[in-house]
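Chemist: Quick one: the structure is below, and I'll ask about it shortly.
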Amino acid sequence: MNNDPSYQTYLTAQTNLQRLSFIRGVALLGQWLALAFFSVVKPIGLPVMAIAIILAIYTAITVATWLRSRTSVPIVDREFFSHLLIDILFFSMVLYFSGGASNPFISYYLIPISIASITLSGTLSIFIALAALGSYSLLLNQYVPIAAIAPMEMSSMHGQHSQHSGLANLHILGMWANFAISALIIIYFIRPMANTVKRQQQKIAEQREIQLRDEQLLAVGTLAAGTAHELGTPLNTMKIIIDELAADTTQPNSEHRLLQQQIEICKQTLKKLLMTAEESQSNHQKPVRVQDYFSQLLERWQLMRPSLKVDISLDNNQCMGLFHPTIEQSIINLLNNAADASPEIVEVVISWNNETATIDIRDHGPGLASQNIHNLGQAFVTHKTDGLGLGLFLSQATLTRFGGTVCLSDAPAGGTHTQIILPLANPSKETDPLDSENSQ
């Protein structure tokens, strides 16, 4: 399933246009049947040719709209707005030739108003309501009168009936007032209610997505814990062998020392994994200097990548921040992705203020694959030949969980630009260690 918001918007607009075509079809069927009945079975003096031409054109437009809704071209709000205006126009033309405001089907104007209040923005919905109300108002006096459906005015003084001339009587004016009030209620009350339901459904969908992501994180975390436990034994065996080889003075040991260093980093990583799990359960993090935090993080990462050339720009603002233990590993995962894509050089720029820290990572690799760009960040999706598809997923899920954002884009001069924006949960000034140190 594609969870891209633009894709969901496109599907919704396409479905709405198909439903509007169906509503038009039902209305047209009723109008064609009514025209046939009142012109053949029970003639009432309708201008049959004029109404038939209007209905024929409207039928062709309905068919074209249905075919349009089946195409892959996105449907925007203004296009849907124009379709509703066309409905009002053609319905007004039919009413003009069939008694105007005295036609009992005049209340059909509420249909496009209701559709607009649910599907369009507030401004466009108001325009639709004003267009319908304006058409209704014009039809009070501008229409072709039909004697069979014209209202009759009762003369209380003479007890005689007189046929309705062009002036609207109290009944017609009452119908108009009722329509105006109904349109106002739909736009002012029904539309906010529909928006509330939409927001609630969107929030439920977001909660389901978060729950699914948490379940995936739990599964990956369980797997990571088991893997860390299993790696302990082979690492210890490798360390013993490397120590014995390094003790042999007859062989060059520069490579041995490098292997010793890397094995030690692996062991420290496993220990840090256990410590991180304990700290996460205790949920008590201490404030640290932001500069010290990122300096230690980059130093640890460079030990993992001794042959990589790194261009680092680090801010020197004296700020404090609270960092969850899992954030460090998430940032290192993204740094490793850049190093894998660009083994020669990676540029890292880190800046911060009292509220947020911004980490810009630029590599000079091949850039983002266009076919996978919409799926980046999902579990088990990777553009690496030997990748597992978990690094970016875990990093993005972790940073998002703590209020951060991760944005990947193609750099203008080639490569990939990764930007991380991380909120800093600053301690209060009363417990700020910087203040206490400055006061000493």
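Chemist: R0 = 25 Å: FRET efficiency of L89 with W32, Cβ-based, nearest 0.05?
Modeler: So the FRET efficiency works out to roughly 0.85.
Chemist: Is the stretch 60-145 best put as rounded, prolate or oblate by its Cα gyration tensor, with a ≥ b ≥ c the root eigenvalues, rounded for a/c under 1.5, and otherwise prolate when a/b is larger than b/c, oblate when not?
Modeler: oblate
Chemist: Let me ask another. Would you kindly derive the ³J(HN,Hα) couplings of the stretch 397-408 from the backbone phi angles with the Karplus curve 6.51 cos²θ - 1.76 cosθ + 1.60 (θ = phi - 60°), listing them in order in whole Hz, with x for Gly and Pro?
Modeler: Each residue of the stretch 397-408 in turn: 5, 5, 5, 5, 4, 9, x, x, 9, 10, 10, 10 Hz.
Chemist: Something else: Which peptide among 331-341, 199-209 comes first, and what is the full order, when sorted by highest mean count of other Cβ atoms within 10 Å?
Modeler: Order by mean packing, descending: 331-341, 199-209.
Chemist: Which order, highest average first, do 31-43, 11-23 follow once you tally other Cβ atoms within 10 Å for each residue and take the mean per peptide?
Modeler: Result, highest mean Cβ count within 10 Å first: 11-23, 31-43.
Chemist: Mind checking the stretch 28-132 for trypsin sites (Lys or Arg not before Pro) that DSSP puts in a loop (not H, G, I, E or B) and that have at most 14 other Cβ atoms within 10 Å?
Modeler: Those that pass, being in a loop and sparsely packed, are R70.
Chemist: Here is a follow-up. List, in order, the whole-Hz ³J(HN,Hα) value for each residue of the stretch 315-322 obtained from phi through the Karplus relation with A = 6.51, B = -1.76, C = 1.60 and θ = phi - 60°; use x for Gly and Pro.
Modeler: Each residue of the stretch 315-322 in turn: 5, 10, 5, 8, 10, 10, x, 10 Hz.
Chemist: Amide H neighbours of T356 under 5 Å, counting only residues 5+ apart in sequence or on other chains, H built in-plane at 1.01 Å?
Modeler: Placed amide hydrogens put L424 under 5 Å from T356.
Chemist: Further, regarding this structure: Distance in nm between label sites at I118 and V349, each 7 Å beyond Cα in the beta-carbon direction?
Modeler: Using points 7 Å along Cα→Cβ, the separation is 4.9 nm.
Read the figures in this text as sums done on the coordinates, not as results from a lab. What you see is a predicted model; the values in this text were computed from it and never measured. Note that we place each Cβ from the backbone using ideal geometry, even for glycine, and neighbour counts take in every protein chain shown.
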